[in-house]
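Report on one structure; see the data block that follows.
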Amino acid sequence: MTENFIAPTIEPFKPRPETLSWLCDSYGRDQFALRYGKETEVLWANTTPEDPIPIYTGEHEKKNGKSWCESRIMWSPQGTYLTTFHRPGIKLWGTEKKDASVQDFISQKRFEHNNVEDSEFSPCENYLVTYKFTDNSYDQNSKPIILWNVLTGEEMRSFKLKNPLEPKYLVKATIKELKITKSKDPNSKDKEVKTEVDRIIRGRVISYSNKTFVIEENNEKYEVKEDKVESLQEPNRLKWSPDGKYIARLGADVIQVFSLPDMELVGKSSFQAKDILDFIWSPSPKSNLISYW
C-alpha cells in the first residue's frame, strides 16, 4: 500500500445493446436466418411481395478474410440471439438499434468450447448449455458439457459425459432364440422343426467384458455381443424447466435436478427413480413438475 492515493481509472459507461429493438420495427417485420453453402444471412421478412431485405451477411468478417459462421446457426427461444458455431466455440449475435430507422447486427458474446457440437438456451434465455458429445478424452480437465451465464459470459458449471451402456443403464439388444414348430411335411420323420430366430430384449446392463454385455430382463440374464446392443437412455442431454430456474439430468435409477443460478443439487441429493427410462418437465411454468416412466 502506497502513501499517495491514486484514483482508479473509470471506464466510460457502455450501454448494453438493445437486443429486442427488432420488435420495434416500424413495418412489424420478423427476422429470419438463411444458410447455404458457406454463406449465412440474416434478413427482414417483408409483409409485401418484395424480396427479403438483408440485415447482415457477414460484411465485417469478409473484409478480414474470415467467415462469420463455420458450421451451423440456431436462434434462441425468444429470438433475441442468433448462435453461430465455430471450432473454438460459439458466438451470440443480436440486433442493435443505431437510430430510428437503421438497425445493425452485432456480435455480443463469445463462449469458448473447442469443437462444440450443439447448444441449448434456457427458456428465459438467461443461461446456455454447450455440448461436445464426441469428447472421448480421458483428460480430467476436459469439459464436454458446459453451462453458461448468457449476460455475463461466465462459466457456471461443467459436466463429464456418462456412458449410457454402463452397468445399471437400460438397453435393448438382439439375441438368438430357438423356435420350435410342428412340421408341416407329413412325410418328414421329424415332427418338430427347430429354427433360430432373432428376439429383441429390453433390460438392464449388469456387466461388460471381452466385448460382451450381460443384460438382465425379467430376472433372466443374457450374454450379448456389443454390436447387438443399443442404448435406450440419454444421460448427456440436460433438460430445462419451463421457467428456466432448474435444469435436470438423467442417471441410472436417478434424476439430478440443479437450481439456477447457484447450480446446487436440489435437496442436496439425486431423486431416486428405480427403473426410470426417461423423464419430462411439465410444460406449465407455474408448476415445475417432472413426470418419469
- Please specify each residue of the stretch 265-293 satisfying the condition of being surrounded by fewer than 12 Cβ atoms within 10 Å (Cβ to Cβ) and over 16 Å from residue 244 (Cβ atoms). 267, 268, 269, 272, 274, 275, 291, 293
- Query: Residues that are among the acidic types (Asp, Glu): which strands (runs of 3 or more DSSP E) entirely in the stretch 206-288 hold 2 or more of them?
  - Reply: 212-217, 220-225
- Query: Take the residues of the stretch 12-24 that are within 37 Å of the chain's Cα centre (by Cα) and over 22 Å from residue 74 (Cβ atoms): which is modelled with the highest pLDDT?
  - Reply: 24
- Of the residues that make up the stretch 44-59, is at least one within 30 Å of residue 159 (Cα to Cα), part of a loop (DSSP other than H, G, I, E, B) and not acidic (Asp, Glu)? no
- Message: Being at pLDDT 70 or above, among the hydrophobic types (A, V, I, L, M, F, W, C) and either out of contact with any Lys or Arg (no Cβ under 7 Å at 6 or more places or on another chain) or closer than 26 Å to residue 163 by Cβ (or both) is the filter here; which residues of the stretch 174-215 pass it?
- Response: 175, 200, 201, 205, 206, 213, 214, 215
- Write out, first by first residue and then by second, each pair whose Cβ atoms fall under 6 Å of each other, whose residues are 6+ apart or on separate chains, and whose first residue, in the stretch 21-33, is free of Cβ contacts under 8 Å to residues at least 60 places away in the same chain while the second is surrounded by fewer than 15 Cβ atoms within 10 Å (Cβ to Cβ). 29/45; 30/45; 32/45
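The values are calculated or read from the model by the stated rules, or taken from the named source; none is laboratory data. Keep in mind that this is a model prediction, so the values were computed, not measured. Glycine also receives a Cβ, built like all others from the backbone with ideal geometry; neighbour counts cover every protein chain displayed.
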